[in-house]
């Protein structure tokens, strides 16, 4: 039987079945010998105490780049193994768990051996185990049942793969651990693929002010885990390549240091820049130094995250040397639409609609109250779209002063106005080239600028202020608003032609008070915000959450949970004493939802009138839906306003 570390392919050879043993696996025997030298006793109870809250917070901050790129991949991996009595774990380079996701039915067993954030799983601490041994061997490792050195871990089966940076250094480990009876031969393949995905994402974000080339002999593999990725300075000097890039180039990392883009791919950098000056550049046709022809896609990543390619021999009209800073959202720890789908029927319908138009060049308009997660949905749409590798640029049309929004959106040339930056600045639209432009609060965009935006969307060309030259741009547009745009059209505040250009698909996010998945949402926010997700909400606090109207929606809930987690400190349960006083005052002033709606005053029989029958039907449905007005309205096929009109005490 071949041990996984000897595998040369992406997925490796066939994985071992549940009957493999240490005698058939020399690497496990070597690890056991190391464990013995560490002075560990197989029958001893190991130290499962986690780091303190402050130390865990420091650990997460120290591994922020790894964490931000790994969590979306962990979410995707967990979706594939959910309900199989397994957990997905991420550790740092020393084997300390940074983040975990797990099946509820396995959590109790996992807690016995502390498969949780802040616990050390290096070989020095736990002996032979997949995480520690993968670090020691610098190779993917499966450790099953009694192959674990410590008897306390014999009920586990674990598959782990190291995550390396562009220099080949181990920066973390991705692991799937579960009940030994849940062993599956494909688990290691999934773990290795996910680890490679994390490595590729970390690689593409590691080099700023650099040309990054994505390439493969088969064009359909560009953008997949199989693609080669190589980065070069703007002048063409080689910087680094990912695992598949090194394999396709056929040279070692030290040997590549003497090469340039031209010597490796037979194309001068100036020709590369010329290619991307065309309106609709296709894939590059390249011939590598070894004679193999490949197809490629290149981008120039500037310090601010913008992807631009211009002719290096001419001055750039939009100031490539000194671009305007991009005010874009911080990297999300959420993966995409699947992560947002937490069980609410209304949101599930929104996601199903959006999923059907991904990559179809259909503009999306998101309606909803302030704080309902419109930008979060827009980011998830971008992450799941074919443009996920491109920039996501968010513009809040209501927060930029009216006198500045034109230059912010469209950019400007040197001397376009008093105080303008020397050499000009790229606007937000051009910064989103190749990716997604999110226009939040589009209803507040000044009327005169709406015509310019419409022209850009129709012609796909941007003309900066003070310039006579138009620049091609290719962006996907997502808009959001809490206004009734039809009403604003009637008031002369919004252009009707722009409205119909933007509303290809209109979806409405429900406010938090109408959501049926509050408990799930709370758990997800705590997992993302509260130091590794070690806190949980007490029943008494959850009861108050269900009563509250949440005028600030998810923004209010997120800030509240973040504060409460800090107040709780090392306590596991978040209780009433950890809640801010203003929140408790607000809830105290709100009417409590009755446990069961009041019964009609008189019995209903043959003499009941139509209004009494309607009231009885509403009350019966309201009771069946636990007092949820939105669910009751959907069940009866009426609007929420109808329910409130019939039962005004619910307002």
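The values are calculated or read from the model by the stated rules, or taken from the named source; none is laboratory data. Since this is a predicted model, take the numbers as computed values, not measurements. Don't worry about glycine lacking a Cβ; one is built from the backbone with ideal geometry, like all the others, and counts go over all protein chains shown.
Of the residues in segment 550-574, how many are touching a strand residue (DSSP E or B) at 6+ places or on another chain (Cβ under 9 Å), part of a helix (DSSP H, G or I) and surrounded by fewer than 19 Cβ atoms within 10 Å (Cβ to Cβ)?
Adding up the residues that qualify gives 1.
Out of everything in segment 246-287 that is in contact with a helix residue (DSSP H, G or I) (Cβ under 6 Å, 6 or more places away or on another chain) and within 23 Å of residue 226 (Cα to Cα), what residue ends up being modelled with the lowest pLDDT?
The qualifying residue modelled with the lowest pLDDT is 281.
Within segment 386-406, how many residues are surrounded by fewer than 22 Cβ atoms within 10 Å (Cβ to Cβ), in contact (Cβ under 8 Å) with a residue 12 or more places away in the chain and outside any strand (DSSP E or B)?
Matching residues across segment 386-406 total 9.
Out of all the residues in segment 241-295, which are out of contact with any strand residue (DSSP E or B) (no Cβ under 8 Å at 6 or more places or on another chain), in a loop (DSSP other than H, G, I, E, B) and surrounded by 13 or more Cβ atoms within 10 Å (Cβ to Cβ)?
Within segment 241-295, 251, 268, 277, 281, 289 qualify.
Can you confirm whether residue 232 is within 26 Å of residue 431 (Cβ to Cβ), free of Cβ contacts under 8 Å to residues at least 60 places away in the same chain and surrounded by 15 or more Cβ atoms within 10 Å (Cβ to Cβ)?
Against the criterion (within 26 Å of residue 431 (Cβ to Cβ), free of Cβ contacts under 8 Å to residues at least 60 places away in the same chain and surrounded by 15 or more Cβ atoms within 10 Å (Cβ to Cβ)), residue 232 qualifies.
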